[in-house]
Amino acid sequence: MTEALPLTDWLRAAGNGDRDAGDRAYAEIYAELRRLAARQLGRGASSATLTPTALVHEAFLKLVRGHLDALNDRRHFFNLAARAMRQTVIDQARERLADKRGGDLVRTELDDELPDACADAQQTLALDQALGALERQDAELAEVFEWRLFGGLSTQEIADLRGVTERTIQRDLALARNYLRLALDGSA
């Protein structure tokens with residue numbers, strides 16, 4: 001992520017009606033989403049069925065529906081991009097669980113236990129709920145964790161966006177992980 005690319009300036013100009021700046025902003029946003037998705041999925045954080053291209057397209061559609069022209073700056077973009085990627089991963093986990101349960105098919109036999117193959121989707125949904133609880137407790141910690149996990153940003157990139165030291169971000173991430181671990185264990 002380089003500040004040499006004036007995304008903030010392009011977004012502001014696009015907001016004032018400059019179509020050329022809007023085109024450059026959209027191209028930069030798409031390229032940045034692609035980079036983040038490749039990094040995110042390269043770490044194995046999501047299902048193998050979700051490709052970087054699919055994640056980018058879904059996240060981009062969510063951003064477009066939210067009117068990209070309303071973006072203020074890089075921080076706002078990364079906040080919305082991480083949220084869009086989180087929603088995409090969560091939606092995909094819900095779909096996988098629905099598929100495992102037969103989707104819209106009528107079942108002929110009942111089974112009280114979910115197959116082990118659903119564990120990843122279940123864990124993803126549990127993480128989403130825990131992250132929602134963290135958002136209600138401390139929105140800034142949740143944002144940092146969301147940028148890291150769903151946005152795929154490095155601690156240095158997050159520190160730059162927030163205007164703090166990398167060590168501060170590392171502490172925030174550790175605190176967020178501990179909260180989420182407790183929430184997932186049912187202790188929070």
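The values are calculated or read from the model by the stated rules, or taken from the named source; none is laboratory data. Computed from a prediction, not measured in an experiment: that's the story for all the values here. Neighbour counts are summed over all protein chains in view; Cβ atoms, including those assigned to glycine, are modelled from backbone coordinates with ideal geometry.
What the table shows:
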| read-out | value |
| --- | --- |
| Scope the range 1-34; condition over 15 Å from Ala81 (Cα atoms), at pLDDT below 80 and either β-branched (Val, Ile, Thr) or in contact with a Gly (Cβ under 8 Å, 6 or more places away or on another chain) (or both); matching residues | Thr2, Ala14 |
| Those residues of the range 172-188 which are surrounded by fewer than 14 Cβ atoms within 10 Å (Cβ to Cβ) and over 19 Å from the mean Cα position of the chain (by Cα), in sequence order | Asn178, Leu182, Asp185, Gly186, Ser187 |
| Only one of Arg167, Arg148 that is among the basic types (Lys, Arg) and modelled with pLDDT under 95 | Arg148 |
| Some residue of the range 134-147 being assigned to a helix (DSSP H, G or I), surrounded by 21 or more Cβ atoms within 10 Å (Cβ to Cβ) and either among the β-branched types (Val, Ile, Thr) or touching a strand residue (DSSP E or B) at 6+ places or on another chain (Cβ under 8 Å) (or both) | yes |
| Failed condition for Ala45, given (1) within 13 Å of the chain's Cα centre (by Cα); (2) modelled with pLDDT of 75 or more | (2) |
| Within the range 65-110, considering residues that are assigned to a helix (DSSP H, G or I) and at pLDDT below 70, the one nearest to Ala31 (Cα to Cα) | Leu68 |
